Amino acid sequence: EQVELEPLVQQVINSFRQVASEHKLDLKAEIETDLSLMVDHNAFKQILCNLLDNAIKYSQPGGTVAVHGRMVSGGVELVVADQGIGIPEEALQLIFDKFYRAESGIQAGTGLGLSITKQLIHLHGGRIRAEKNVPVGTRIVMTFPKKFSSESP
Ligand code: ATP
Ligand code: MG
């Protein structure tokens, strides 16, 4: 269905407020108004939850976790950015594989979160990649093509 991004991202972010404050992390969303996507509401929540869970789990106290959303030429771009421990260059693509966990991943986990996330995004015609955040941390960048996105009238 047609999902309004701003309120949905806010809703998911709010559900992470408690855990973020326990980790002494600032949590914020910067989503362009009137962005919407043709996605399954629950699948989309799942995607965001997996990414926010990682961003918080792999961050140190004092950092910021931010979700950005904007219209780009190809469609809608959504970014989850953190200032955490980061991902080694050679692992940036491997993290989307089933059961892959970087050695720096000292926190508990099964290594399934991102492979499920990637599958959900592909089901919605989107793409996902990881890149280094500058100066520290990780950016998970998702793009959804025009076909699945629109600016509400
Ligand atoms: P699960 O999500 O199944 O509980 P997990 O978090 O270990 O376990 P994924 O979410 O698939 O598994 O992530 C795979 C690996 O990628 C993680 O173990 C971690 O090493 C690395 N990773 C993922 N997100 C980040 C991030 N934001 N910062 C640093 N490392 C990350
Ligand atoms: Mg995870």
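The values are calculated or read from the model by the stated rules, or taken from the named source; none is laboratory data. Treat the numbers as computed from the prediction; the structure is a model and nothing was measured. Cβ atoms come from the backbone with ideal geometry, glycine included; neighbour counts cover every protein chain shown.
Need at least 1 residues that are at pLDDT 95 or above, out of contact with any Pro (no Cβ under 9 Å at 6 or more places or on another chain) and surrounded by fewer than 18 Cβ atoms within 10 Å (Cβ to Cβ) per element, so show me which strands (runs of 3 or more DSSP E) inside the range 100-153 make the cut, counting only ones lying wholly within it.
On the way: elements: 127-132, 138-145, 149-151.
Output list reads 127-132, 138-145.
Filter the range 27-38 for residues that are in contact (Cβ under 8 Å) with a residue 40 or more places away in the chain and among the acidic types (Asp, Glu) and give the result.
Asp34
Residue under question is Ala20, and the condition is that it be more than 29 Å from Pro145 (Cβ to Cβ), in a helix (DSSP H, G or I) and within 17 Å of the chain's Cα centre (by Cα); does it hold? Even if it seems obvious, please write down each step before you answer.
Values: more than 29 Å from Pro145 (Cβ to Cβ): yes; in a helix (DSSP H, G or I): yes; within 17 Å of the chain's Cα centre (by Cα): yes.
Criteria met by Ala20.
Which residues, taken from the range 23-71, are among the hydroxyl-bearing types (Ser, Thr, Tyr), modelled with pLDDT under 95 and assigned to a strand (DSSP E or B)?
If the condition is that a residue be among the hydroxyl-bearing types (Ser, Thr, Tyr), modelled with pLDDT under 95 and assigned to a strand (DSSP E or B), then Ser36 is the only one that fits.
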